[in-house]
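First up is the structure itself, then whatever we jot down about it.
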Amino acid sequence: MTEKPGPVTVLAVDDHPRFLEAARAVVEATPGFAWAGGASSGEEALASAARGAPDVALVDVNMPRMDGFELTQRLHASHPRMLVALISAQHPNELRRAGGADDHPVFAKESLRPSWLRELWREHRGASLEAK
Amino acid sequence: MSNRKLTALGVLGLALCAISLAVARADPVPTARADHTTISVLTIAALLGVGLYAWNRGGESRFGQVLFATGICWFFVTLSNSDSSLLYSVARIAGWVFEVLLAYALLSYPSGRLESRSARRVIVAGALLIALLYVPTIPLTGQYPLPAPFTSCTAHCPQNFFLVGSEPAFLPDLVKPLRDVLAIAIYLGAVLVLAGRLRRAGHNQRRTLTPVLGAAVLRFAAAIVYVALRRAGANGGVSEVAVLVALLSVPATALGFLVGLVQWRVYSAAALGRLTTGLGETADPRELRELLASSLDEPALELFHSDPPGPRAGGNPRWLDSAGAAVAAPSLPPGTCLREAAAESGSRVALVCEEGFGERPEFLDSVCACALSGLERQRLDAALNSSLADVAASRKRLVGAADSARQKIERDLHDGAQQQLVALRVKLELAREALEQESAGGAEMVAGLGSEVEEIIDEVRSLARGIYPALLASDGLGEALRAAGQRSPVPVGVEADGVGRLPSETESAVYFCCLEALQNVAKHAAGATRVEIELSTDGELRFAVGDDGCGFDAGQAGRGSGITGMRDRVAAVGGELWVESAAGTGTRVRGRVPLG
C-alpha cells in the first residue's frame, strides 16, 4: 500500500460546539492532519461522510437520537477503511455497555492532543497494513 | 329489672309456696291426695320462676309479667287444699280465672301480646264465658263440680262459702252442661289457633315455639278430655289418671315455656356471636348479607342499606340492596317483616327476614346494629384504603419528581460545565505545545493549569455521578452498581443475572440504598474484605448487600439516619428493607420491592 497523498483528514462529531472548536484547533495544529469539518449529530456526520469520507472520525458517545456506538457501526459499514475513534466526556468506566463499548475502545475527550492523534493514526495504519 | 326487685319477687314466690303448703297441712281436707298437694305447690314455684326468668329479659318481659300473674293466680287455686270453706271457695273461683290467664300466656308467647285476631277472639270468648256463665252462679252453687283436677279432695269437699239459699235446679240441668260444652269449644279454638301459628312459623321460630305449643296442646287436650269425661260419666267417670294428667299439664306448660325461652336464648346468643365474630372479615354488603344469613340460619334474609346523605343529597335516602342495585324502597316479599336502623352518621340499614322474627324486635335491633357497624367499618376501611393509596401514590410521585430533577441536574452538569472544562483542557494542551519552543517556564505553568482542570473535571464527574449516575439511566441497576463497586475501597461482587430494566423509580431507590450500604461498609465495617451485592427478580425485586466485616448489634442501630433514609426510599416505591447484623458476623441489608 502506498502512502496516501495529502494530509490525513479528520471529522469530529459532537453535539457540544465548544468541543468541536477545540478539536478543530488540535487538528489544525497537528502537522500532516487537516480539518475535514465538524458534525453536531450522527445524521449530519453520515451526510458529510457520504459527500467525502474523511480518514479519521472522532465520535462522541453521548449524543441525542443516534448515539456514538450506532454511528460508529454505520460508519464502519459504509466506509470500512475509515478510522473511527469513540470519545467521551465521561469516565470510560461509567459508559453504557449495552451499545458495544467493549468492542470499541473509548477515549477520554480531554486526552485529545496532537501527539495522541498522531499515535492513533500510526497504530491504525500499522494495523491495517498487518491486515493486508 | 333491678336485682333488688328480682329478689323481692323471688322471695314473694317462695313465701306463697310456703303459705300454700302451710294451708294444706294446717287444714287437710278429708280423703286428700297428698301427692297432688306437693305437685300443686311445686307448680307455683315453676310458674313464678319461669315468669321471673322471662320478666328479667328485655324482649320477653311482658310475657314474663303475664306468666308471673298466672302463677300468683295459681297460688290461690292451690288454697283448695284447705278444709276451710272460704279458702276452698276462693280457690275454686280462682281456678276459672286461672284457665283464662294460662290460655292468655300460651297464646301470647313470647311477646306477651295477642298478635292475631283469632287469638284475641279465643281469649275474649273465654273471659265472657267466665263472666256470664260462671261468676253469676257463685251464690247459687251448692257444691263446686267434682272431681276437680286442681284440688286434692276427692269427696266430702267443703261447701260453697258464698251460697245464698239453695242451688236451683236449672244450674245442674242447664247451665253446667252448657258451659262445659262452651269451654270445650273454646279450648278447641285455642288449639286451632296454636296449630295455625306453628304451621306458619319459619324453621327458626318453630325451634322455640314447638316446646311451648306442644305443652299448650297437651294442656288444652287434657282440659277437654277432663271436662268431657266429667260430663259424660258424672262423678265416677273420671279416672285418677285423667285427673293427674290435667294437673300435671300445668307445670308441663311452665316447663315448655322454659325450654322455649332457653332455646331462643341459645339460638339468639349463637347467632349474634357468629355475627359479631365474622363482622370484621366482611369486605362488602354482599358478604355481610351472607354472614347475616348464615349466622341467623335464614338463607332468604335480605339486607338493604343507604349511605349517609352527602352534602348535596336531599329527600328520601337511596336504598341499595346487598348486590349494590339501587331500589326505591326495601322490598317486602309475603311472609317477611322489615326492621330498620340508622347510625349517627346517617347511614341506614333495613333487614328483611322471616315474619316470625317480628316478635323479636330487640333481637332484630341487635342484628341491625351489627349490620350497621359492619357497613360503617367497610365504609371507613374503603375511605382509609383510598387515602392510604393516595398517600402512597403521592409519595411515589414526589420521589419520581426528585429523581427526574436529579437526572436533569446531572445532564446539565455533563452538557455544561463538564464539556466546557474538557474543551478548556484540550486547548490548554495546545497552548502548552505552542509555548514549549518559546518559553519552557510558560509551558510548564500551562501544563500545571491543565492538571488542575483535569482534577476539576474529575470532581464534576463524581459530583454528577453522586447526583444521578448516567449509567443507571442508560444501562440499569446491575451495571450502575458494578461501576459503583469499582470505586469502592472494599472489593465488591455484583450478582444480577436476569435482572433487566425496571421502572426508573425502583431502579434509583434500590441503587441509592445499595450505595448507602456500600458506603456504610467502607465507613463502619472494620475488617471487611468483600462485599456481595445480589439482585434477583421474581414478581418482585429482591436485593441484598452483605459484608464480612465486624458487624454491629442490630438492637442498637446507632447509624439510624442512614438506615431510616434507606427504609424511606424503599418504602416510597412500596418496598421493605431489613438490616441483619450481629457483632462479628458481618452485616446484611436485605430488601424487596414489588414489581408491576
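Quick note: the coordinates plus some simple rules give every number you see, no bench work behind them. What you see is a predicted model; the values in this text were computed from it and never measured. Cβ coordinates were reconstructed from backbone atoms using ideal geometry, including for glycine residues, and neighbour counts include every protein chain displayed.
Some points to look at:
- For region A:53-89, trypsin sites (Lys or Arg not before Pro) meeting the loop criterion (DSSP other than H, G, I, E, B) and having at most 12 other Cβ atoms within 10 Å: A:Arg65, A:Arg81.
- Counting only residues at least eight positions apart within a chain, or on another chain, the aspartates and glutamates with an alpha carbon under 19 Å from that of B:Lys523 are B:Glu532, B:Asp547, B:Asp548, B:Asp553, B:Glu580.
- Restricting region B:427-517 to trypsin sites (Lys or Arg not before Pro) that sit in a DSSP loop and have at most 16 other Cβ atoms within 10 Å of their own Cβ leaves B:Arg501.
- Cysteines having no other Cys beta carbon under 4.7 Å from their own, within the protein assembly as shown: B:Cys17, B:Cys73, B:Cys337, B:Cys353, B:Cys368, B:Cys370, B:Cys513, B:Cys514, B:Cys550
- Here the dipole of the protein assembly as shown is about 4440 debye; that uses its Cα centre as origin and unit charges on the Cβ of Lys and Arg (positive) and Asp and Glu (negative).
- Counting other Cβ atoms within 10 Å as a rough exposure proxy, the listed residues B:Thr506, B:Thr154 run B:Thr154, B:Thr506 from fewest neighbours to most.
- The GluC sites (Glu not before Pro) found in region B:399-492 that occupy coil by DSSP, while having at most 14 further C-beta atoms within 10 Å, are B:Glu438.
- Each of B:Ser152, B:Ala246, B:Ala201 was scored by the projection of its Cα onto the charge dipole of region B:140-255, and the greatest displacement toward the positive side belongs to B:Ala201; charges sit on the C-beta of Lys, Arg, Asp and Glu.
- Rounded to 5, percent antiparallel among DSSP beta bridges of the protein assembly as shown: 65 percent
- Cα-centre dipole for chain B with unit charges at Cβ (Lys and Arg positive, Asp and Glu negative), debye to 20: 4120 debye
- Global geometry of chain B, whether rounded, prolate or oblate, following the gyration tensor of its Cα atoms and the 1.5 cut on a/c: prolate
- Nearest 10 degrees, 0 to 90: helix B:504-524 Cα axis against chain B principal axis: 70 degrees
- Simple point charges give the picture: +1 on the Cβ of Lys and Arg, -1 on the Cβ of Asp and Glu, and for region B:347-475 a dipole about the Cα centre of about 400 debye.
- Cα centroid separation - region B:419-434 against region B:59-102, whole Å: 124 Å
- Extension gain, B:Arg25 to B:Asp497: 0.36 nm times the residue separation minus the Cα-Cα distance gives 159.7 nm.
- Compared with the dominant principal axis of the Cα atoms in chain B, helix B:440-467 is inclined by about 10°.
- Prolate/oblate/rounded label for the protein assembly as shown (Cα gyration tensor, a/c 1.5): prolate
- Region B:440-590: relative contact order in percent, alpha carbon pairs under 8 Å with at least 6 residues between: 19 percent
- For region B:296-447, with +1 on Lys and Arg beta carbons and -1 on Asp and Glu, the positive-most of B:Ala440, B:Leu398, B:Phe363 along the dipole: B:Ala440
- The share of C-alpha pairs in region B:244-285 whose separation exceeds 15 Å stands at 62 percent.
- Contact order for chain B, expressed relative to its length and based on alpha carbon pairs under 8 Å spaced 6+ residues apart, stands at 7 percent.
- Computed from backbone phi with θ = phi - 60° and the Karplus coefficients 6.51, -1.76 and 1.60, the 3J(HN,Hα) list for region B:121-135 is 4, 4, 5, 4, 4, x, 5, 5, 4, 5, 5, 9, 10, 10, 4 Hz; x is used for glycine and proline.
- With the simple model of a label 7 Å out from the Cα in the direction of the Cβ, B:Trp578 to B:Ala343 spans 3.7 nm.
- Most positive-pole-ward Cα, B:Gly485, A:Val10, B:Ser84, against dipole of the protein assembly as shown from beta carbon charges: B:Ser84
- Oblate is the label for region A:7-68, because the ratio a/c of its alpha-carbon gyration tensor axes (a ≥ b ≥ c) is 1.5 or higher and a/b is not greater than b/c.
- With respect to chain B, whose longest principal axis is taken over its alpha-carbon atoms, helix B:361-413 is tilted by about 0°.
- 15 Å reach of a label modelled at A:Ala77, 7 Å along Cα-to-Cβ, counting backbone N of region A:47-66: A:47, A:50, A:66
- Evaluating 6.51 cos²θ - 1.76 cosθ + 1.60 at θ = phi - 60° for every residue in region B:424-430, the Karplus couplings come out as 4, 4, 4, 5, 4, 5, 4 Hz, glycine and proline recorded as x.
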